[in-house]
Amino acid sequence: MATNIILLGPPGAGKGTQAARLQALRGMIQLSTGDMLRAAVAAGTPVGLKAKAVMARGELVSDAIVSALIGERLDDAAGAGAIFDGFPRTRHQAEALEILLAERGRKLDHVIELAVDEEALVRRIIGRFTCAHCGAPYHDEYKPTKRPGVCDICGSTEFKRRPDDNEQTVRTRMAEYRAKTEPILPIYEEKGLLRRVDGMAPVETVAAQIDGILDGTQ
Ligand code: AP5
């Protein structure tokens, strides 16, 4: 049966890391509005042209654009279910998601908040980079390549960093989270859907806690 979950947390909390794992292990579909927007920017679509400068500043793209992106992809996740990664981020988006799911006779099962320390997150984000060829993730401090400048997986010597992963933009992204996204947590708390996980724990520990929630053992 399909399980639909939201992963919530500030930038760098580990939403993408955990969503990718759930997709690989459970066949659920990761619906990341950040990834969809970056793909639109890279492809130079009308949505990408609108989103590019907003994302570079660390501000939120319009509710209408991101809700439409999710609506276009939601049916892909009809099988094992969806992991909403970085969506919803505002009250308006939360309402839009509820309607999109109800129209398809689906519902949310869990909303998982990754609780984290902001200063540690700034270090996490500023240090991260990926292989430009195979996308393998690395971090300057926590997960450097084994041979300097060479991807462990594919041997490529080209790497990339997100343009919004600089300290000033990260601070704006965190302020946006506090101002616009944190206020939607009580909506899910009232519905009995909200679960908190310690996002500062090692990746495997966070994963085990999320598995426990999905499997009903915690
Ligand atoms: P988006 O791409 O969603 O970025 P974000 O929310 O800022 O989150 P990140 O992708 O930076 O972090 P994450 O929580 O996924 O952490 P990750 O797993 O990568 O959004 C980008 C922009 O798009 C927004 O600023 C906005 O402009 C726009 N946008 C997107 N969605 C929108 C929406 N719904 N509405 C409006 N605008 C929207 O992990 C980070 C690092 O930490 C990695 O290096 C990872 O390896 C490491 N790590 C992960 N977990 C752990 C752990 N437990 N311990 C140690 N290290 C860890």
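The values are calculated or read from the model by the stated rules, or taken from the named source; none is laboratory data. Predicted model, so just to flag it, every value in this text is computed and none were measured. A quick note on method: Cβ atoms are made from the backbone with ideal geometry, for glycine too, and the neighbour counts reach across all protein chains shown. SASA here: full protein model, heavy atoms, side chains in, ligands and nucleic acids out. Shrake-Rupley method; radii C 1.70, N 1.55, O 1.52, S 1.80 Å.
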Residue list for the stretch 141-150, filter: out of contact with any helix residue (DSSP H, G or I) (no Cβ under 8 Å at 6 or more places or on another chain) and either touching a residue at least 60 places away in the same chain (Cβ under 8 Å) or under 22 Å from Val170 (Cβ atoms) (or both): Lys143, Pro144
Residues of the stretch 181-218 classified as β-branched (Val, Ile, Thr) and loosely packed, with under 15 Cβ neighbours inside 10 Å, total: 3
Residues of the stretch 1-37 classified as within 7 Å of the ligand (Cβ to nearest atom) and among the charged types (D, E, K, R), total: 2
Boolean, Phe129 is open to solvent by 40 Å² or more (accessible area, probe 1.4 Å) and under 23 Å from Met55 (Cα atoms): no
Number of positions in the stretch 63-83 that are over 24 Å from Gln23 (Cβ atoms) and exposed (fewer than 15 other Cβ atoms within 10 Å of the Cβ): 1
Among (1) more than 10 Å from the ligand (Cβ to nearest atom); (2) more than 16 Å from the chain's Cα centre (by Cα), the one test that Asp140 misses: (1)
All positions within the stretch 29-57 that are closer than 19 Å to Leu7 by Cα and either touching a Phe, Trp or Tyr at 6+ places or on another chain (Cβ under 7 Å) or open to solvent by less than 50 Å² (accessible area, probe 1.4 Å) (or both): Ile29, Gln30, Leu31, Ser32, Thr33, Gly34, Met36, Leu37
Residues (among the basic types (Lys, Arg) and within 17 Å of the chain's Cα centre (by Cα)) located in the stretch 117-134: Arg124, Arg128
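Rundown of residues vs (1) over 21 Å from Pro202 (Cα atoms); (2) loosely packed, with under 12 Cβ neighbours inside 10 Å; (3) acidic (Asp, Glu); (4) at pLDDT 95 or above, yes/no style:
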site: Cys134; (1), (2), (3), (4): yes, no, no, yes
site: His139; (1), (2), (3), (4): no, no, no, no
site: Pro144; (1), (2), (3), (4): no, no, no, yes
site: Cys151; (1), (2), (3), (4): yes, no, no, yes
site: Phe159; (1), (2), (3), (4): yes, no, no, yes
site: Arg162; (1), (2), (3), (4): yes, no, no, no
site: Asp165; (1), (2), (3), (4): yes, no, yes, no
site: Thr169; (1), (2), (3), (4): yes, no, no, no
site: Met174; (1), (2), (3), (4): yes, no, no, no
